[in-house]
Amino acid sequence: MAAIATPNFMSTRGRILVASADAAFRRRVMKHRDLVGSTSEEAEGGAHALAKLLHLPCESVLLDRNLPDLDAAEVASFIRKTYPRTSVHLVDSRAVNAEPQDVEIRGEESASHEVLPFPAGPERQAERRSSESVSAENLPGMIGGSRTIQQVYRLARMVAARDTSVLITGETGTGKELVAQALHQLSCRARQPFVVVNCAAIPESLLESELFGHVRGAFTGAMQSRLGRIHVAQGGTLFLDEIGELPLNMQAKLLRFLQNGEVQRLGSSEVYRVDVRVICATNARLLDLVQAKQFRQDLYYRLAIFPIAVPPLRERLEDIGQLVAHFLERLSEENDMPLKQLSAAALTLLQQSEWTGNVRELQHAIERAFILAGNGTQLHAEHFQAFNESGSFREI
(Lines give C-alpha, C1' and ligand atoms only; values in the text may rest on other atoms or scores of the structure.)
Protein backbone atom coordinates (compact mmCIF):
# COMPACT_ATOMS: atom_id res chain seq x y z
CA MET A 1 0.00 0.00 0.00
CA ALA A 2 1.33 3.45 -0.87
CA ALA A 3 1.58 5.49 2.29
CA ILE A 4 1.50 9.25 2.60
CA ALA A 5 3.54 9.97 5.72
CA THR A 6 3.00 13.43 7.15
CA PRO A 7 4.23 14.83 10.48
CA ASN A 8 1.25 15.87 12.60
CA PHE A 9 -0.76 16.41 9.41
CA MET A 10 -3.93 14.93 10.84
CA SER A 11 -3.64 16.48 14.29
CA THR A 12 -5.74 19.42 13.14
CA ARG A 13 -9.36 19.67 12.13
CA GLY A 14 -8.92 23.02 10.39
CA ARG A 15 -8.97 23.82 6.70
CA ILE A 16 -6.76 21.62 4.51
CA LEU A 17 -5.85 22.48 0.91
CA VAL A 18 -5.01 19.70 -1.56
CA ALA A 19 -3.27 20.87 -4.75
CA SER A 20 -2.93 18.44 -7.64
CA ALA A 21 -3.87 18.31 -11.33
CA ASP A 22 -5.05 14.73 -10.72
CA ALA A 23 -8.73 15.05 -9.76
CA ALA A 24 -8.95 11.37 -8.80
CA PHE A 25 -6.04 11.77 -6.41
CA ARG A 26 -7.61 14.88 -4.85
CA ARG A 27 -10.86 12.99 -4.29
CA ARG A 28 -9.07 10.02 -2.73
CA VAL A 29 -7.22 12.25 -0.29
CA MET A 30 -10.23 14.39 0.61
CA LYS A 31 -12.47 11.36 1.24
CA HIS A 32 -9.92 9.74 3.52
CA ARG A 33 -11.21 8.66 6.91
CA ASP A 34 -8.65 10.79 8.78
CA LEU A 35 -9.93 13.95 7.11
CA VAL A 36 -13.46 13.56 8.49
CA GLY A 37 -14.30 16.74 10.38
CA SER A 38 -11.84 18.88 8.42
CA THR A 39 -12.75 21.60 5.94
CA SER A 40 -11.11 20.56 2.67
CA GLU A 41 -10.30 22.72 -0.34
CA GLU A 42 -9.05 21.70 -3.78
CA ALA A 43 -6.63 23.41 -6.18
CA GLU A 44 -5.75 22.27 -9.69
CA GLY A 45 -2.22 23.63 -9.61
CA GLY A 46 0.31 25.78 -7.79
CA ALA A 47 -1.07 29.13 -8.96
CA HIS A 48 -4.59 28.05 -8.01
CA ALA A 49 -3.34 27.05 -4.55
CA LEU A 50 -1.61 30.40 -3.99
CA ALA A 51 -4.73 32.25 -5.10
CA LYS A 52 -6.86 30.28 -2.63
CA LEU A 53 -4.47 30.98 0.24
CA LEU A 54 -4.93 34.71 -0.30
CA HIS A 55 -8.58 34.44 0.71
CA LEU A 56 -8.78 31.15 2.65
CA PRO A 57 -6.20 30.68 5.41
CA CYS A 58 -5.33 26.98 5.73
CA GLU A 59 -3.68 25.07 8.53
CA SER A 60 -2.18 22.48 6.16
CA VAL A 61 -1.40 22.30 2.45
CA LEU A 62 -0.79 19.05 0.58
CA LEU A 63 1.14 19.69 -2.66
CA ASP A 64 1.52 17.20 -5.47
CA ARG A 65 5.12 17.08 -6.74
CA ASN A 66 3.69 16.90 -10.28
CA LEU A 67 2.03 20.33 -10.41
CA PRO A 68 1.14 21.32 -13.99
CA ASP A 69 2.14 24.97 -13.78
CA LEU A 70 4.70 25.74 -11.06
CA ASP A 71 7.58 23.89 -9.41
CA ALA A 72 6.14 22.24 -6.29
CA ALA A 73 9.29 22.81 -4.24
CA GLU A 74 9.25 26.52 -5.07
CA VAL A 75 5.57 26.76 -4.15
CA ALA A 76 6.22 24.95 -0.87
CA SER A 77 9.13 27.25 -0.04
CA PHE A 78 7.08 30.34 -0.78
CA ILE A 79 4.12 29.19 1.33
CA ARG A 80 6.38 28.40 4.28
CA LYS A 81 7.94 31.87 4.15
CA THR A 82 4.68 33.72 3.56
CA TYR A 83 2.40 31.69 5.83
CA PRO A 84 4.68 30.40 8.62
CA ARG A 85 1.72 28.96 10.56
CA THR A 86 0.67 26.77 7.64
CA SER A 87 2.26 23.32 7.46
CA VAL A 88 3.24 22.27 3.93
CA HIS A 89 3.60 18.67 2.74
CA LEU A 90 4.74 17.22 -0.60
CA VAL A 91 3.47 13.98 -2.12
CA ASP A 92 4.04 12.14 -5.37
CA SER A 93 0.56 11.37 -6.71
CA ARG A 94 1.99 9.11 -9.41
CA ALA A 95 3.66 6.88 -6.86
CA VAL A 96 0.54 6.80 -4.70
CA ASN A 97 -1.80 6.16 -7.61
CA ALA A 98 0.39 3.32 -8.82
CA GLU A 99 -1.07 1.24 -6.00
CA PRO A 100 -4.63 -0.11 -6.32
CA GLN A 101 -5.29 0.14 -2.57
CA ASP A 102 -6.74 3.13 -0.80
CA VAL A 103 -4.40 5.90 0.21
CA GLU A 104 -3.12 5.43 3.75
CA ILE A 105 -2.32 8.62 5.58
CA ARG A 106 -0.17 8.02 8.66
CA GLY A 107 1.79 10.21 11.02
CA GLU A 108 5.57 10.36 11.22
CA GLU A 109 7.78 12.07 13.76
CA SER A 110 9.67 14.54 11.58
CA ALA A 111 10.33 18.25 11.42
CA SER A 112 10.91 18.26 7.69
CA HIS A 113 7.29 18.86 6.70
CA GLU A 114 7.78 16.51 3.77
CA VAL A 115 5.66 13.61 2.57
CA LEU A 116 6.70 10.12 1.53
CA PRO A 117 7.50 8.74 -0.93
CA PHE A 118 10.27 11.25 -1.60
CA PRO A 119 13.60 10.93 -3.41
CA ALA A 120 16.77 10.52 -1.40
CA GLY A 121 20.41 11.36 -2.02
CA PRO A 122 21.32 13.61 -4.98
CA GLU A 123 17.71 13.85 -6.17
CA ARG A 124 16.56 15.10 -2.77
CA GLN A 125 19.42 17.59 -2.66
CA ALA A 126 18.47 18.88 -6.12
CA GLU A 127 14.93 19.46 -4.90
CA ARG A 128 16.21 21.37 -1.89
CA ARG A 129 18.29 23.59 -4.18
CA SER A 130 15.20 24.17 -6.33
CA SER A 131 13.24 25.16 -3.24
CA GLU A 132 15.91 27.64 -2.24
CA SER A 133 15.98 29.14 -5.74
CA VAL A 134 12.86 31.24 -5.13
CA SER A 135 14.85 34.46 -5.20
CA ALA A 136 13.93 37.76 -3.60
CA GLU A 137 16.26 39.58 -6.00
CA ASN A 138 14.83 42.90 -7.13
CA LEU A 139 12.72 42.88 -10.25
CA PRO A 140 14.08 44.89 -13.21
CA GLY A 141 13.18 48.55 -12.72
CA MET A 142 11.99 48.14 -9.12
CA ILE A 143 13.57 49.49 -5.94
CA GLY A 144 13.30 48.28 -2.34
CA GLY A 145 14.17 45.39 -0.08
CA SER A 146 11.36 45.38 2.47
CA ARG A 147 9.65 42.11 3.33
CA THR A 148 6.40 43.12 1.64
CA ILE A 149 8.01 44.07 -1.66
CA GLN A 150 10.22 40.97 -1.58
CA GLN A 151 7.06 38.89 -1.62
CA VAL A 152 6.17 40.59 -4.92
CA TYR A 153 9.63 39.79 -6.27
CA ARG A 154 9.32 36.11 -5.33
CA LEU A 155 5.86 35.69 -6.83
CA ALA A 156 6.83 37.48 -10.03
CA ARG A 157 9.96 35.39 -10.54
CA MET A 158 7.99 32.20 -9.93
CA VAL A 159 5.51 32.94 -12.72
CA ALA A 160 7.54 35.10 -15.12
CA ALA A 161 8.76 32.26 -17.34
CA ARG A 162 5.26 30.83 -17.82
CA ASP A 163 2.31 31.94 -19.95
CA THR A 164 -0.02 31.97 -16.95
CA SER A 165 -2.37 34.97 -16.80
CA VAL A 166 -1.41 37.36 -14.01
CA LEU A 167 -3.62 39.88 -12.21
CA ILE A 168 -1.66 42.66 -10.50
CA THR A 169 -3.59 44.52 -7.82
CA GLY A 170 -2.72 47.56 -5.77
CA GLU A 171 -3.46 51.21 -5.14
CA THR A 172 -2.73 53.90 -7.70
CA GLY A 173 0.95 54.76 -7.85
CA THR A 174 2.32 51.55 -6.33
CA GLY A 175 4.13 50.41 -9.50
CA LYS A 176 1.81 47.82 -11.02
CA GLU A 177 3.01 48.54 -14.56
CA LEU A 178 6.63 48.11 -13.44
CA VAL A 179 5.74 44.61 -12.22
CA ALA A 180 4.08 43.85 -15.56
CA GLN A 181 7.14 45.08 -17.47
CA ALA A 182 9.40 42.95 -15.26
CA LEU A 183 7.27 39.86 -15.92
CA HIS A 184 7.68 40.49 -19.64
CA GLN A 185 11.43 41.13 -19.42
CA LEU A 186 12.00 37.94 -17.42
CA SER A 187 9.96 35.79 -19.79
CA CYS A 188 10.88 34.06 -23.03
CA ARG A 189 8.78 36.75 -24.77
CA ALA A 190 11.18 39.54 -23.77
CA ARG A 191 12.30 40.17 -27.37
CA GLN A 192 8.71 40.49 -28.55
CA PRO A 193 6.33 43.45 -28.09
CA PHE A 194 5.06 44.66 -24.74
CA VAL A 195 1.77 46.39 -25.58
CA VAL A 196 -0.07 48.52 -23.03
CA VAL A 197 -3.80 49.26 -23.15
CA ASN A 198 -5.30 51.57 -20.52
CA CYS A 199 -8.92 50.43 -20.43
CA ALA A 200 -9.98 53.59 -18.59
CA ALA A 201 -8.44 55.98 -21.11
CA ILE A 202 -10.12 54.73 -24.30
CA PRO A 203 -13.74 55.69 -25.09
CA GLU A 204 -16.09 52.72 -25.00
CA SER A 205 -17.09 53.32 -28.63
CA LEU A 206 -13.47 52.89 -29.76
CA LEU A 207 -12.37 50.14 -27.37
CA GLU A 208 -13.32 47.15 -29.53
CA SER A 209 -11.50 48.59 -32.54
CA GLU A 210 -8.51 49.44 -30.36
CA LEU A 211 -8.26 45.89 -29.03
CA PHE A 212 -9.33 43.79 -32.01
CA GLY A 213 -8.75 46.12 -34.98
CA HIS A 214 -11.01 46.90 -37.93
CA VAL A 215 -11.12 46.84 -41.72
CA ARG A 216 -11.71 49.80 -43.97
CA GLY A 217 -15.35 50.92 -43.93
CA ALA A 218 -16.22 48.96 -40.79
CA PHE A 219 -17.69 52.14 -39.30
CA THR A 220 -17.93 55.83 -40.07
CA GLY A 221 -14.44 57.27 -40.19
CA ALA A 222 -12.68 53.94 -40.77
CA MET A 223 -10.73 55.15 -43.79
CA GLN A 224 -8.17 52.34 -43.65
CA SER A 225 -7.75 48.94 -42.08
CA ARG A 226 -5.97 48.68 -38.77
CA LEU A 227 -4.61 45.90 -36.58
CA GLY A 228 -5.77 45.87 -32.96
CA ARG A 229 -3.48 46.00 -29.94
CA ILE A 230 -3.95 42.27 -29.37
CA HIS A 231 -2.66 41.51 -32.86
CA VAL A 232 0.22 43.97 -32.46
CA ALA A 233 1.30 42.08 -29.33
CA GLN A 234 1.73 38.84 -31.31
CA GLY A 235 4.37 36.68 -29.64
CA GLY A 236 4.70 39.09 -26.73
CA THR A 237 2.71 40.43 -23.80
CA LEU A 238 -0.54 42.39 -23.69
CA PHE A 239 -0.86 44.51 -20.55
CA LEU A 240 -4.43 45.58 -19.80
CA ASP A 241 -4.27 48.35 -17.22
CA GLU A 242 -7.35 49.33 -15.18
CA ILE A 243 -9.12 46.14 -16.28
CA GLY A 244 -11.94 46.93 -13.85
CA GLU A 245 -13.02 49.76 -16.20
CA LEU A 246 -13.63 47.38 -19.11
CA PRO A 247 -17.32 47.59 -20.20
CA LEU A 248 -19.42 44.42 -19.81
CA ASN A 249 -19.88 43.88 -23.55
CA MET A 250 -16.11 44.02 -24.05
CA GLN A 251 -15.58 41.66 -21.12
CA ALA A 252 -17.47 38.96 -23.03
CA LYS A 253 -15.33 39.49 -26.14
CA LEU A 254 -12.11 39.48 -24.14
CA LEU A 255 -13.14 36.24 -22.43
CA ARG A 256 -13.80 34.63 -25.80
CA PHE A 257 -10.33 35.66 -27.00
CA LEU A 258 -8.70 34.27 -23.84
CA GLN A 259 -10.51 30.96 -24.34
CA ASN A 260 -9.73 30.38 -28.02
CA GLY A 261 -6.82 32.73 -28.79
CA GLU A 262 -8.58 34.07 -31.90
CA VAL A 263 -9.04 37.65 -33.09
CA GLN A 264 -11.67 38.90 -35.53
CA ARG A 265 -11.42 42.50 -36.71
CA LEU A 266 -14.49 44.70 -36.89
CA GLY A 267 -16.14 44.42 -40.30
CA SER A 268 -14.26 41.26 -41.28
CA SER A 269 -15.16 37.57 -41.28
CA GLU A 270 -11.50 36.50 -41.16
CA VAL A 271 -10.26 34.97 -37.92
CA TYR A 272 -6.61 35.14 -36.85
CA ARG A 273 -4.93 33.03 -34.21
CA VAL A 274 -2.74 35.12 -31.93
CA ASP A 275 -0.14 33.95 -29.40
CA VAL A 276 -0.22 36.56 -26.62
CA ARG A 277 0.32 36.45 -22.88
CA VAL A 278 -2.17 38.61 -20.98
CA ILE A 279 -1.30 40.51 -17.81
CA CYS A 280 -3.89 42.75 -16.16
CA ALA A 281 -3.80 45.35 -13.42
CA THR A 282 -6.41 47.13 -11.34
CA ASN A 283 -6.71 49.38 -8.31
CA ALA A 284 -10.30 48.20 -7.79
CA ARG A 285 -11.55 45.21 -5.83
CA LEU A 286 -12.71 43.06 -8.71
CA LEU A 287 -14.59 40.64 -6.47
CA ASP A 288 -16.71 43.55 -5.26
CA LEU A 289 -17.41 44.42 -8.90
CA VAL A 290 -18.32 40.79 -9.54
CA GLN A 291 -20.84 40.87 -6.69
CA ALA A 292 -22.25 44.14 -8.06
CA LYS A 293 -22.69 42.47 -11.49
CA GLN A 294 -20.27 44.99 -13.02
CA PHE A 295 -17.55 42.43 -13.80
CA ARG A 296 -18.00 38.92 -15.15
CA GLN A 297 -17.16 36.21 -12.65
CA ASP A 298 -15.89 33.82 -15.34
CA LEU A 299 -13.56 36.52 -16.70
CA TYR A 300 -12.29 37.31 -13.20
CA TYR A 301 -11.26 33.71 -12.55
CA ARG A 302 -9.70 33.51 -16.01
CA LEU A 303 -7.59 36.62 -15.40
CA ALA A 304 -6.76 36.00 -11.73
CA ILE A 305 -5.07 32.63 -12.19
CA PHE A 306 -1.99 34.10 -10.54
CA PRO A 307 -2.68 37.24 -8.46
CA ILE A 308 0.12 39.54 -7.30
CA ALA A 309 -0.72 42.28 -4.77
CA VAL A 310 1.65 45.27 -4.81
CA PRO A 311 1.80 46.86 -1.32
CA PRO A 312 1.18 50.59 -0.73
CA LEU A 313 4.15 52.71 0.25
CA ARG A 314 2.88 53.05 3.85
CA GLU A 315 3.48 49.29 4.25
CA ARG A 316 7.08 49.53 3.04
CA LEU A 317 8.36 52.76 4.61
CA GLU A 318 11.81 51.24 5.08
CA ASP A 319 12.20 51.40 1.28
CA ILE A 320 11.88 55.20 1.16
CA GLY A 321 15.62 55.77 1.57
CA GLN A 322 16.46 53.58 -1.45
CA LEU A 323 13.67 55.09 -3.53
CA VAL A 324 14.79 58.65 -2.75
CA ALA A 325 18.42 57.84 -3.61
CA HIS A 326 17.30 56.38 -6.94
CA PHE A 327 15.14 59.39 -7.84
CA LEU A 328 17.87 61.88 -6.86
CA GLU A 329 20.49 60.06 -8.91
CA ARG A 330 18.24 60.09 -11.97
CA LEU A 331 17.32 63.77 -11.54
CA SER A 332 20.98 64.74 -11.14
CA GLU A 333 21.91 62.91 -14.36
CA GLU A 334 18.99 64.36 -16.31
CA ASN A 335 19.83 67.92 -15.20
CA ASP A 336 23.62 67.48 -15.41
CA MET A 337 24.02 68.56 -11.79
CA PRO A 338 26.04 67.24 -8.86
CA LEU A 339 24.32 64.51 -6.89
CA LYS A 340 22.11 65.91 -4.14
CA GLN A 341 21.73 64.20 -0.76
CA LEU A 342 18.80 63.92 1.64
CA SER A 343 19.19 65.30 5.17
CA ALA A 344 18.35 63.09 8.14
CA ALA A 345 15.48 65.40 9.14
CA ALA A 346 14.06 65.23 5.62
CA LEU A 347 14.23 61.43 5.61
CA THR A 348 12.41 61.30 8.95
CA LEU A 349 9.73 63.60 7.56
CA LEU A 350 9.26 61.42 4.49
CA GLN A 351 9.01 58.26 6.57
CA GLN A 352 6.31 59.83 8.73
CA SER A 353 4.13 60.95 5.82
CA GLU A 354 1.00 59.08 4.66
CA TRP A 355 1.79 58.91 0.93
CA THR A 356 -1.76 58.30 -0.26
CA GLY A 357 -0.40 58.58 -3.79
CA ASN A 358 2.28 55.97 -3.01
CA VAL A 359 5.61 55.80 -4.88
CA ARG A 360 4.37 58.11 -7.63
CA GLU A 361 3.58 60.82 -5.08
CA LEU A 362 6.99 60.35 -3.45
CA GLN A 363 8.68 60.69 -6.85
CA HIS A 364 6.86 63.97 -7.53
CA ALA A 365 7.75 65.27 -4.05
CA ILE A 366 11.43 64.50 -4.65
CA GLU A 367 11.38 66.27 -8.01
CA ARG A 368 9.73 69.34 -6.47
CA ALA A 369 12.25 69.43 -3.61
CA PHE A 370 15.10 68.99 -6.10
CA ILE A 371 13.97 72.14 -7.89
CA LEU A 372 13.45 74.11 -4.66
CA ALA A 373 16.96 73.17 -3.48
CA GLY A 374 18.44 75.03 -6.45
CA ASN A 375 22.21 74.68 -6.55
CA GLY A 376 22.34 73.30 -3.03
CA THR A 377 23.78 69.84 -2.49
CA GLN A 378 21.29 68.71 0.15
CA LEU A 379 17.51 68.44 0.39
CA HIS A 380 16.17 69.65 3.74
CA ALA A 381 12.79 69.16 5.39
CA GLU A 382 11.64 72.64 4.35
CA HIS A 383 12.07 71.71 0.70
CA PHE A 384 9.33 69.09 1.01
CA GLN A 385 6.35 71.32 0.79
CA ALA A 386 3.43 71.39 -1.61
CA PHE A 387 1.41 74.22 -3.10
CA ASN A 388 -2.18 74.56 -1.98
CA GLU A 389 -4.87 76.01 -4.21
CA SER A 390 -3.97 79.60 -3.27
CA GLY A 391 -0.35 79.11 -4.31
CA SER A 392 1.14 79.24 -0.80
CA PHE A 393 3.11 76.38 0.75
CA ARG A 394 1.90 73.71 3.14
CA GLU A 395 3.87 70.96 4.82
CA ILE A 396 3.34 67.48 3.37
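Among the listed residues Gln341, Gln264, Gln294, which satisfies the condition of being closer than 20 Å to Asn249 by Cα, outside the structural domain of Asp69 (by TED's automatic domain parsing), of a type in the set (S, T, N, Q) and in contact with a strand residue (DSSP E or B) (Cβ under 8 Å, 6 or more places away or on another chain)?
Values: Gln341 fails: closer than 20 Å to Asn249 by Cα; Gln294 fails: in contact with a strand residue (DSSP E or B) (Cβ under 8 Å, 6 or more places away or on another chain).
Going through Gln341, Gln264, Gln294 in turn, the sole match is Gln264.
Considering only residues that are modelled with pLDDT of 90 or more and aliphatic (A, V, I, L, M), look in the stretch 208-246 and name the one that is nearest to Lys293 (Cα to Cα).
Checked the stretch 208-246; the qualifying residue nearest to Lys293 (Cα to Cα) is Leu246.
Kindly establish whether Glu177 is of a type outside the set (Phe, Trp, Tyr) and within 16 Å of the chain's Cα centre (by Cα).
Details: of a type outside the set (Phe, Trp, Tyr): yes; within 16 Å of the chain's Cα centre (by Cα): yes.
Against the criterion (of a type outside the set (Phe, Trp, Tyr) and within 16 Å of the chain's Cα centre (by Cα)), Glu177 qualifies.
Do you know which of the residues in the stretch 272-283 that are modelled with pLDDT under 95 and surrounded by 13 or more Cβ atoms within 10 Å (Cβ to Cβ) is farthest from His231 (Cα to Cα)?
Among those that are modelled with pLDDT under 95 and surrounded by 13 or more Cβ atoms within 10 Å (Cβ to Cβ), it is Tyr272.
Filter the helices (runs of 4 or more DSSP H) completely within the stretch 23-100 down to those with at least 2 residues that are at pLDDT below 80 and surrounded by fewer than 22 Cβ atoms within 10 Å (Cβ to Cβ). Break it down stepwise before answering.
Working: elements: 23-30, 46-55, 72-82, 93-97.
Because the criterion is at least 2 residues that are at pLDDT below 80 and surrounded by fewer than 22 Cβ atoms within 10 Å (Cβ to Cβ), the helices (runs of 4 or more DSSP H) in the stretch 23-100 that meet it are 46-55, 93-97.
For the stretch 158-188, name all the residues that are surrounded by fewer than 21 Cβ atoms within 10 Å (Cβ to Cβ), out of contact with any Lys or Arg (no Cβ under 6 Å at 6 or more places or on another chain) and either among the charged types (D, E, K, R) or assigned by TED's automatic domain parsing to the domain that holds Arg80 (or both).
Across the stretch 158-188, the qualifying residues are Arg162, Glu171, Glu177.
Here are the criteria: (1) modelled with pLDDT of 85 or more; (2) of a type in the set (D, E, K, R); (3) in contact with a Ser or Thr (Cβ under 9 Å, 6 or more places away or on another chain). Tell me which single one Arg13 does not satisfy.
Among (1) modelled with pLDDT of 85 or more; (2) of a type in the set (D, E, K, R); (3) in contact with a Ser or Thr (Cβ under 9 Å, 6 or more places away or on another chain), Arg13 violates only (1).
Can you run down the residue pairs with Cβ atoms below 7 Å, 6 or more apart or on separate chains, where the first is in the stretch 147-161 and in contact (Cβ under 8 Å) with a residue 60 or more places away in the chain and of a type in the set (A, V, I, L, M) and the partner is in a loop (DSSP other than H, G, I, E, B) and surrounded by 18 or more Cβ atoms within 10 Å (Cβ to Cβ)?
Ile149/Pro311; Ile149/Arg316; Val152/Val310; Ala156/Leu139; Met158/Leu70; Met158/Val134
The values are calculated or read from the model by the stated rules, or taken from the named source; none is laboratory data. Everything quoted here is computed from the prediction, not taken from an experiment. Note that each Cβ is placed from the backbone with ideal geometry, even for glycine, and that neighbours are counted across all protein chains shown.
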